[in-house]
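Taking it in order: structure first as structure tokens, then the write-up.
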């Protein structure tokens, strides 16, 4: 199957990167550990917060509803705005960047095939919100408010602002401009949506925000954008099935990657660099950073022991960041694993023109394509890292399409689950964000958070000597 | 002076973050080391590759030329496209994001005050290049090719492609659509520019790419964008002067930050997170990542000893990445220093509407502004990190304007120079990128790189067993 994602971990081995790599014996030992993690994840599939493994079926009534709704939106609106943050934003953004024209919003409507312009509002910066209001034609805009919990302060604030504007302008017809994607019961968004008669889509209970891109969180925006969501789900299913078939790192790519990262963490490689060589995959790296960081960054393990584990994900873009970060990666501390994402066939070909034969150091580029240049640069960077004993591996997509992106997403989600099992931590919670949330509530004077407010007030004041 | 940037390092101290922080005695000891670094940097100002410290004067004939040229461009063109990569791209992008409307390119021309749309092409992905050609109206577009060396493959490839299109379309008038910013002698771009009669601006010899934003690299795009470049340079001068006045971390903010990062590196905090709480500063973090990563990531020190030093810069955006990375920062390994960039006064105010009093967990937001929310969230995150013994410091801008951005840029550049002095490395070179460059040349068959090609061919082939 040519469309199949490939995972290449040669450059994690000692034969390429010396003592920084793993020997064949190391791999055999790691495979035992990996086998246990694989079986544990397999048993958990579909249970608890692993509901996302079961979201790859494309023949459901919900998928049909998403497609019908998307078509209605396309016929009626010229802008689709997601109000969401974290997983509710990163999934839709990654799909948009990967599978639409790279300047989609700047294309004339005819060249967009009447696909709406697309915006994802994942911050509460007032300048950002004002700038959005400055450019939207509300008559032609529909909003999709997305929050799993139904109570995310940032998203609900955006909802309050936008909904107020819509009601003032459209009265009882305001609901036509708002769609809610949320839990079927938890939080207030579902209640408000029912009060207001909003069209709603459900995020299943067993699907956390950062694992939600196969749910309506990702699928509705994707369908509106004209992305083939069935091919996307098929791709996810292909990877899911492949990983289900083997508990060995020699056959299960997500397991191999998880195991090598886990073993690297144990060797003090506390940084995982995700470096796609394609602008279309730039935001896929952002999506990965949330998945990997928030899932694995944990203070305690499953037995309650303090462990403070987690690898820091770093996003880089090839070739761009060769001129920013590669100096550090090649010469700095031996604290990283770099993962390249390569593309065999880009969706455009651009030839480099000639005309400057008298300058050989420029002229050698002529006649090559940008495709050859970017591919050569990836290989060259891989080579430079490897020669300098910097472990790296590579994910290769035949091309960027809905199917390969589905595979890639499932690869990363399963990799994360496997790594969580090896670290013996809960990869699906985020207890560490509570402190900040509660402090925000206290600072804004929310009822019930008076004790936290007192605690903050009792915190030692800053010394002006250290503010210069 | 209210406009003055403030650096707050309280939360680096042990009284706030316990054993992860520094005691007052530690600070006194560090101040001795800092004093030496400060004096060394002071002596180097304006010399060698530290020419950038002397670029803060706004009354030069070059500045006048930039302003005249920018005005001509504004009158004649509706799109300004930078062809550049690394420092030639990151500086212009950071200024654009910080100081223009956040949706500048989507505003109608009248609301843009006839400032051209702005694009920075810092990759060679063929899909990206094609997408740019799909949307540009070449008649109304001017390009600014920027490369210090005059031989950067990526930028020269873009130049060859665009120049060929312009010549085919405009013949002898093609030169009106292209401006070159490069070294006055090095490389081929200056020769080609002279052959073709292009308008040119010079990057001074002592100013490397990542330190070039105060040169025409940053100033011409900024002036075209309507940014007050004199205020920008004044801000840089303000910070430069302030840091010149003191060799102590208790008075010199860039020195304080450098010293605390240096001491943190020595305590295995190998990650520096830059986290602005403003969308306008998002790309300032990208610019910082190149500056910090490429300057300090070095294999050998000034005495030739192998050191493999460097802190990995990570960009995060508040509040957005609270829903992505904060879980890791609060609970994961004690391997980071987080630097917040706060803004006291945003350039817009948006009030959160009401109407849902029966849902108190939503209603408490009503009546607050987004300004209050984002500020409360930054304080809350600072508090959460500090309570969990995670050292953090904070840069505060009164507001985002040309002057404060000038201060911020000079703060980071001086901080980098100080940190380089403490690490005893050359902060101004990038030897580690040569390997990859040469391998690229070899892979593309450039004459003179046959030996490198043979070397690559002799490299052990990949084992298909490890490609799954």
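Since every read-out is calculated from the coordinates, none of them should be taken as a lab result. Remember, it's a predicted structure, so these values are computed and weren't measured experimentally. Neighbour counts are summed over all protein chains in view; Cβ atoms, including those assigned to glycine, are modelled from backbone coordinates with ideal geometry.
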Checklist outcome for this item: In terms of the alpha carbon gyration tensor, root eigenvalues a ≥ b ≥ c, rounded if a/c is under 1.5 and otherwise prolate when a/b exceeds b/c or oblate, the protein assembly as shown is rounded
Checklist outcome for this item: Log entry: pair-distance distribution for region A:4-132, C-alpha pairs binned every 5 Å from zero, whole % per bin is 2, 7, 9, 12, 14, 11, 11, 10, 9, 8, 5, 1, 0
Item to check | Beta carbon of chain A nearest to the axis of the rotation taking A to B, residue and angstrom distance | outcome: A:314, 3
Checklist outcome for this item: Checked region A:53-227 against the a/c 1.5 cut and the a/b vs b/c comparison, axes a ≥ b ≥ c from its Cα gyration tensor; verdict rounded
Checklist entry - Placing a label point 7 Å from Cα toward Cβ, how far apart in nm is residue A:308 from its equivalents in the other copies, listed shortest first to one decimal? => result 2.3
Checklist entry - What gaps in nm, shortest first, separate residue B:60 from its twins in the other copies when you place the label 7 Å past Cα toward the beta carbon? => result 6.2
Item to check | Gain upon complete extension [residue A:28, residue A:357; 0.36 nm per residue less C-alpha separation] | outcome: 113.0 nm
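Based only on other Cβ atoms within 10 Å, what is the fewest-to-most ordering of A:435, A:43?
A:43, A:435
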Checklist entry - Say R0 is 22 Å: what FRET efficiency, to the nearest 0.05, do residue B:185 and residue B:62 get from their beta-carbon distance? => result 0.85
Next on the checklist: With the label 7 angstrom out along Cα to Cβ, how close does residue B:268 come to the same site in each of the other copies, in nm, nearest first?
Outcome noted: 0.7
Checklist entry - So for B:124, B:142, B:213, fewest C-beta neighbours within 10 Å to most, what's the order? => result B:142, B:124, B:213
Next on the checklist: Going by Cα centres, region A:392-434 and region B:304-371 are how many Å apart?
Outcome noted: 24 Å
Item to check | Spin-label pair residue A:305/residue A:195, simplified geometry with 7 Å Cα→Cβ offset, distance in nm | outcome: 4.9 nm
Next on the checklist: Please compute the contact order of chain A in relative form: average sequence separation of alpha-carbon pairs under 8 Å and at least six residues apart, divided by the residue count, as a percent.
Outcome noted: 23 percent
Checklist outcome for this item: So for region B:73-137, using the alpha carbon gyration tensor with a ≥ b ≥ c as root eigenvalues (a/c under 1.5 gives rounded; past that, a/b versus b/c decides prolate or oblate), I'd call it oblate
Item to check | Helix-only mean residue ellipticity at 222 nm for chain B, each DSSP H run of n ≥ 4 adding -39500 (n - 2.57), per residue, nearest 500 | outcome: -14000 deg cm²/dmol
Checklist outcome for this item: Shielding of A:366-373 by other chains, given as the mean Cβ count within 10 Å, works out to 5
Item to check | Per-residue mean of C-beta atoms belonging to partner chains within 10 Å, peptide B:198-210 | outcome: 0
Next on the checklist: Within a 10 angstrom radius of the beta carbon, how do B:247, A:65 rank from fewest other beta carbons to most?
Outcome noted: A:65, B:247
Next on the checklist: Please compute, for peptide A:186-193, the average count of beta-carbon atoms on other protein chains lying within 10 Å of each residue's beta-carbon.
Outcome noted: 3
Next on the checklist: Quick check: Cα centre of region A:241-284 to Cα centre of region B:98-162, how many Å?
Outcome noted: 35 Å
Item to check | Normalised contact order of region A:53-227, rounded percent, pairs of Cα under 8 Å and 6 or more residues apart | outcome: 32 percent
